[in-house]
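Visitor: Dumping the structure here so I can ask a few things about it.
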There are 2 protein chains.
Amino acid sequence: MWLNQAWLSQTLSNRVFHIELIGVSEDAVSVRLRSEIAQWLHLPLVTSAPQSTQPTVTLVCDVRSCLDEEGFSIDVAQDGNVCIESSSTRGLLYGFYAWLRDVGLKAEHSHTEIPDQKLRMINQWDQADGSVERGYAGESIFYGRWGSNVHAEFFDFPERSAADVFRGDISRIRDYARFLASVGINAISLNNVNVRSYATRFIVEPYLQRIAEITRIFSSFGIKSFLSVNFAAPKVIGNLTTSDPCDKKVIAWWKKVVDHIYEVIPDFGGFVVKADSEGEPGPYQYGRDHADGANLFARVLAPHHGIVIWRAFVYNSHTDWRDRSVDRARAAFDNFAALDGKFDDNAVLQVKFGPIDFQTREPLSPLLARMQKTNLIMEFEITAEYLGHQIDVNYVLPQWIGMASWQSPEGSIRERLPRVARQPQFTGFAAISNVGMDENWTGNTLAQANLYGYARFCWSKSLTSQEIAHEWVGLSFENSTTATKQVIESILNRSNKAYEDYCAPLGVGFMVNRNGHYGPGPDDYEFDRWGTYHYADRDGVGVDRTSATGTGFVGQYPSLYSSLEKPETTPDELLLFFHHVNYTYRLHSGETVIQHIYNTHFAGVEEVEKFVDEWNSIQGDIEPLDWENVAERLRRQKANAINWRDQINTFFWRLSGIADEQGRSLYS
Amino acid sequence: MWLNQAWLSQTLSNRVFHIELIGVSEDAVSVRLRSEIAQWLHLPLVTSAPQSTQPTVTLVCDVRSCLDEEGFSIDVAQDGNVCIESSSTRGLLYGFYAWLRDVGLKAEHSHTEIPDQKLRMINQWDQADGSVERGYAGESIFYGRWGSNVHAEFFDFPERSAADVFRGDISRIRDYARFLASVGINAISLNNVNVRSYATRFIVEPYLQRIAEITRIFSSFGIKSFLSVNFAAPKVIGNLTTSDPCDKKVIAWWKKVVDHIYEVIPDFGGFVVKADSEGEPGPYQYGRDHADGANLFARVLAPHHGIVIWRAFVYNSHTDWRDRSVDRARAAFDNFAALDGKFDDNAVLQVKFGPIDFQTREPLSPLLARMQKTNLIMEFEITAEYLGHQIDVNYVLPQWIGMASWQSPEGSIRERLPRVARQPQFTGFAAISNVGMDENWTGNTLAQANLYGYARFCWSKSLTSQEIAHEWVGLSFENSTTATKQVIESILNRSNKAYEDYCAPLGVGFMVNRNGHYGPGPDDYEFDRWGTYHYADRDGVGVDRTSATGTGFVGQYPSLYSSLEKPETTPDELLLFFHHVNYTYRLHSGETVIQHIYNTHFAGVEEVEKFVDEWNSIQGDIEPLDWENVAERLRRQKANAINWRDQINTFFWRLSGIADEQGRSLYS
């Protein structure tokens, strides 16, 4: 991925390194920092201040520094000597990697940085059978058989009866931890939020010992480890007759489990819980609310400074499509708004950025704009579930930056999170990882940019998506020409729009194939139980979510958003999310809805065809394996884009009977 | 099922039985006949002509009888003595069961019967892992673990590594053979036509020995056993580099395999082959045609009097929905018509009754009406793949009898088969079984009527579907009142129409859920690769298969069918199979197409609601387990029918914008 050990080692071979700890004890992170310099990069690390004339890189960890615990400063003197300073070993590690990044980008300069979001978390959806739910880059790097990478889809795994569910590939986990730490990730949950099979036992022996081995690697890179837990564990593995969060025996059982975890993993982060969602167990089945559920865990974790992260992804997944009074978009707010202020100080509510499920275009989740006294995490999905399965190039930072920039009465959403929190240090971002055992980690090599980009987006609120792409390309293709890098950057920067263009139009969402969420299926979810409908008929399309005539979802927002109540004051790209309009309705762009559908779907394919040509033009100037990987994926993306274009266009042409103004061919 | 051993044993306890073989040797079938009387029914079987005053049943097998080999006569004298006569032991067995049936129906009478179709075959789609492809009554009775009946769906089976794939439940296989023989079935293929995994090796040792154990049971009931073979076996298990049907080594390999099979199973029937279909290997990949493929097997089987049954279910399963020039309905004729006369005398072409795939309504396959010099088998599907999964009650004999009654220049199709054959004894019917390890064999107890009915339909060309239902109900519910039996018969007789009413309308087919073929999915196949499209748009629906403006499929029929070229001379129930018409097109019934859709979908649900009420009315007058089984299935059928009604009605309401004339509620 983006840290090229060989290139860095060679480029920096003339430097001498020196670490000073002032008022700070040696710890796992400082030892790791020494190891990164001496063992990983094979660079000279001296124990006393160097006297040589070689350029020196001095890393100072000084408890008296007035920098934030995670911040650092880099000072590049005119003589080439570099001083990196922080008040903590972790900050120093971040500073070291930041400086490596400057070196990689051939842009060494002095700067001081403090991360923007406090929690910068990765969620693994890895499962004990070695599969990764919604994973598109091979098997889990944590679980599964040693050396295996056969099962490409999370639902095609054979039953495993072996007790050892751990893959044991320590060096790959170490590499992953380095990648994450190098861009400032400071928390990771190690298993899927749907906690099944052996994963339910990860919190107890003998599994816990093996989990601890993994956490020690992450700890040395400054990353706290979390586990997803099964709410029903007291019944499933504890031999209790209930999992009621208010039951004394249940509380005692969890306390015992947690106390033991902290004996084995003293810096354990805490738990992630998906409850009462899509068939998972939860407090509702005991007549309790989600604050009862979350606080159960918060209280047993608090003595150890652990936290519980409670997912707000709760909705009725057995919706009747005939019942227009139910709106899945309302669910998170309906379930959680009344609980504002009832969650303990060390409980955190993790909320998906939009009200549905990571579609190509969604509005902000109202919960993120309205909760006033709750620690919040905003959730993103790096793994490309609805966004092309890491087959289609889709650099998604433009969307994420846009989502975090939605305004609220307390400022942009990313600014708001710490302002309304009970404990600002327990707020931030989380995202589902996109890595697996594939050689290049992410299926499509270009999908690495989303993992990199997510972390940089957590760290900095000012970086644009273009700047992040520029960094990633610069660090990943050091040996290529500037022209080549510009080609790659350009493809990345246009890819999110191209993908949105050929998928479901104007924010309507869920026209995706039911079998796995790749490719089109215009009506695949229309009569299904998941609450995701577009209501297309011969006259028009879209979901009326207004307060006046629709589901009332618009009313969940602060009054700031009252413009969403009317189609004419709703942004084009979200029109069909909020309103049901006729095909002849005219957008702000001047196009009718139907013509917009045709135009974007033709444009999306044309853009992918350009990507293919542009990628062909750089063959020879990047590593052949990388080139072939992306070239092969682009061929599949083109086929996919054509499928989307033709099925969506035909679907709406059959419904509307309105021909393309430009006379392009529509299949009837 | 329909032979109630306890009831028969008691009813017949005052009879004395005597078997005479005249010019005929004792064989496995005659031994079985003795065993059926003495061991199975525990009735007195005497070795010399009885002198007692008890009513005597004399079974005479006389080589001089002028009856057809499979025929029999039953003579019921006024004194109560019965004489059953045949020229073969098998005919005598059929006569014995026919008489048992008369007894069961309290209608002993004299009659002479000769079966109509020569081959009366059952195809098992059972697989070596214990699953049954498209099976809805539990696991395979032949394969799988002893005592297991856990896996309900054929695609959810775990990998099995054990070498013993045979279930070994001999008594269940014997019961099954008895049921089949009792209604005249004389051939069975023992494994799925998609031959995978261990099943490829069934033709060789050590599997063959275990197969032979099964065939001996069927032989004793007069049933010839066949195996489905993998066309690629020479490569897969023979270590050859090719499976080319014209390659000498391939021919020699098959000859050796076949010669050995007949050493082990001297009365082996032959092979069933699915080739070049839905991903299966076949002669096309070697540039050969299907006659080359079939004759390869015919020639190595001929010395042993075996036959090869070659399936005509060959079509392009990677169709592009955009390409209107391809019509899957044309495929069988396009692939096989030119080969008429090229198949050997002991090769048989097995043709599905309709051109697509066992939908609720299809026209006849043109191949069955046009081939002039080929042995043909007409194929039916008893297992309810598209017909309700043996959850919904669907007594399908009305459809089958209708299909076999389609006319041709050589008479009705069932009359035509022997008339155009090279060898009339190698023609007949075949059907995929619907049994499994479920306690009641068929999932829904009422689905037994289709297995029973299929066999009776093979045997007799004059029985109506009502008469067959009457027989099955009479034999299956001996202890119920006449009123109760009439209720059950009435439900059966109305069930096929009810099911058709709530499914895809007017012969258009394939509006079924893509996930497993149960429940609605109006657009699920519309943009898929299977060649099954309805082309519904805002103006109309249906497939133009005319010669004038459509795919030309109508032209594959004899001129007898030229009326299908025009909508106004096409039967209503097949209108959308042959024509694309507007929703306002008026049917012969006087209804418009759209109003017909609404009417039938409301009517279908109402009919199922009546079934529920009627079934409730007979509680207490049939076995509680049978009653509960059907009651539970009817509850699920009602939910399914409502889903169909609402999704189909909404789909067409959204497209057409035409309201129901009767103002019933349509969901928008």
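Visitor: Would you mind telling me which numbered condition in (1) within 14 Å of chain B (Cβ to nearest Cβ); (2) more than 25 Å from residue B:538 (Cβ to Cβ); (3) at pLDDT 95 or above residue A:573 fails?
Guide: Only one criterion in (1) within 14 Å of chain B (Cβ to nearest Cβ); (2) more than 25 Å from residue B:538 (Cβ to Cβ); (3) at pLDDT 95 or above is unmet by residue A:573, namely (1).
Visitor: Of the conditions (1) buried (at least 18 other Cβ atoms within 10 Å of the Cβ); (2) without any contact (Cβ under 8 Å) to a residue 24 or more places away in the chain; (3) under 23 Å from residue A:40 (Cα atoms), residue A:234 fails just one. Which one is it?
Guide: (3)
Visitor: With respect to residue B:668, determine if the residue is within 14 Å of chain A (Cβ to nearest Cβ) and open to solvent by 40 Å² or more (accessible area, probe 1.4 Å).
Guide: Yes, satisfied.
Visitor: Out of the residues in the range B:605-643 that are in contact with a Gly (Cβ under 7 Å, 6 or more places away or on another chain) and within 14 Å of chain A (Cβ to nearest Cβ), which is most open to solvent (accessible area, probe 1.4 Å)?
Guide: Among them, the one singled out is B:643.
Visitor: Could you list, in sequence order, the residues of the range B:536-553 that are touching an Asp or Glu at 6+ places or on another chain (Cβ under 8 Å) and surrounded by fewer than 18 Cβ atoms within 10 Å (Cβ to Cβ)?
Guide: Result: B:547, B:548, B:552.
Visitor: Filter the range B:501-517 for residues that are within 18 Å of residue B:639 (Cβ to Cβ), more than 9 Å from chain A (Cβ to nearest Cβ) and out of contact with any helix residue (DSSP H, G or I) (no Cβ under 7 Å at 6 or more places or on another chain) and give the result.
Guide: Scanning the range B:501-517 gives B:512, B:513, B:516, B:517.
Visitor: What residue, of A:467, A:526, A:478, is open to solvent by less than 10 Å² (accessible area, probe 1.4 Å) and of a type in the set (Asp, Glu)?
Guide: A:526
Visitor: Would it be correct to say that residue A:187 is within 20 Å of residue A:31 (Cβ to Cβ) and of a type in the set (Gly, Ala, Ser)?
Guide: Considered against the rule, which asks whether it is within 20 Å of residue A:31 (Cβ to Cβ) and of a type in the set (Gly, Ala, Ser), residue A:187 comes out as no.
Visitor: Please go through the range B:529-553 and pick out each residue that is under 19 Å from residue B:362 (Cβ atoms) and within 14 Å of chain A (Cβ to nearest Cβ).
Guide: Result: B:530, B:533, B:534, B:535, B:536, B:541, B:542, B:543, B:544, B:550.
Visitor: When you go through (1) of a type in the set (Gly, Ala, Ser); (2) closer than 19 Å to residue B:121 by Cα; (3) over 16 Å from the mean Cα position of the chain (by Cα) one by one for residue B:436, which number turns out not to apply?
Guide: Condition not satisfied by residue B:436: (3).
Visitor: Would you confirm, using the coordinates I've provided, whether residue A:568 is away from every other protein chain (no Cβ under 13 Å) and either modelled with pLDDT under 95 or crowded, with 19+ Cβ neighbours inside 10 Å (or both)?
Guide: No.
Visitor: Need a quick list: strands (runs of 3 or more DSSP E) entirely within the range B:61-157 having at least 2 residues that are among the small types (Gly, Ala, Ser) and open to solvent by 50 Å² or more (accessible area, probe 1.4 Å).
Guide: none
Visitor: Restricting attention to the range B:335-389, which residues are open to solvent by 10 Å² or more (accessible area, probe 1.4 Å) and among the hydroxyl-bearing types (Ser, Thr, Tyr)?
Guide: Matches in the range B:335-389: B:360, B:386.
Visitor: Which of the residues that make up the range A:647-660 are within 11 Å of chain B (Cβ to nearest Cβ), without any contact (Cβ under 8 Å) to a residue 60 or more places away in the chain and either touching a strand residue (DSSP E or B) at 6+ places or on another chain (Cβ under 7 Å) or open to solvent by 10 Å² or more (accessible area, probe 1.4 Å) (or both)?
Guide: Within the range A:647-660, A:653, A:654 meet the criteria.
Visitor: State which residue pairs qualify: first residue outside the structural domain of residue A:394 (by TED's automatic domain parsing) and inside the range A:127-145, second residue in a loop (DSSP other than H, G, I, E, B) and surrounded by 24 or more Cβ atoms within 10 Å (Cβ to Cβ) in any location, beta carbons under 6 Å apart, and separation of 6 or more residues or different chains.
Guide: Note: no pairs meet the criteria.
Visitor: Might you check whether a residue that is at pLDDT 95 or above and closer than 20 Å to residue A:383 by Cβ occurs anywhere in the range A:200-221?
Guide: Yes, the range A:200-221 contains a residue that is at pLDDT 95 or above and closer than 20 Å to residue A:383 by Cβ.
Visitor: Among the candidates A:594, A:618, single out the residue that is within 29 Å of residue A:446 (Cα to Cα) and not assigned by TED's automatic domain parsing to the domain that holds residue A:329.
Guide: Just one listed residue meets the conditions, A:618.
Visitor: Also: Could you grab me the full set of residues in the range B:593-604 that are of a type in the set (A, V, I, L, M) and open to solvent by 20 Å² or more (accessible area, probe 1.4 Å)?
Guide: B:603
Visitor: Turning to a different aspect of this structure: Taking the conditions exactly as written (under 20 Å from residue B:380 (Cβ atoms), in contact with an Asp or Glu (Cβ under 9 Å, 6 or more places away or on another chain) and of a type in the set (Phe, Trp, Tyr)), does residue B:358 satisfy them or not?
Guide: For residue B:358, the condition - under 20 Å from residue B:380 (Cβ atoms), in contact with an Asp or Glu (Cβ under 9 Å, 6 or more places away or on another chain) and of a type in the set (Phe, Trp, Tyr) - is met.
Visitor: Moving on. Given B:190, B:208, B:180, which one is without any contact (Cβ under 8 Å) to a residue 60 or more places away in the chain and aliphatic (A, V, I, L, M)?
Guide: B:208
Visitor: Still on this structure, please answer the following. When you look at residue B:245, is it in contact with a Leu (Cβ under 7 Å, 6 or more places away or on another chain) and assigned by TED's automatic domain parsing to the domain that holds residue B:193, yes or no?
Guide: Spelling it out, residue B:245 is indeed in contact with a Leu (Cβ under 7 Å, 6 or more places away or on another chain) and assigned by TED's automatic domain parsing to the domain that holds residue B:193.
Visitor: Would you say residue A:543 is in a loop (DSSP other than H, G, I, E, B) and closer than 15 Å to residue A:326 by Cα?
Guide: Against the criterion (in a loop (DSSP other than H, G, I, E, B) and closer than 15 Å to residue A:326 by Cα), residue A:543 qualifies.
The values are calculated or read from the model by the stated rules, or taken from the named source; none is laboratory data. This one's a predicted model, so the numbers in the text were calculated from it and none came from an experiment. In this analysis, Cβ positions are derived from the backbone assuming ideal geometry, glycine residues included, and neighbour counts consider all displayed protein chains. Side chains are part of the model used for accessible areas, which takes the heavy atoms of the whole protein and leaves out ligands, DNA and RNA. Shrake-Rupley method; radii C 1.70, N 1.55, O 1.52, S 1.80 Å.
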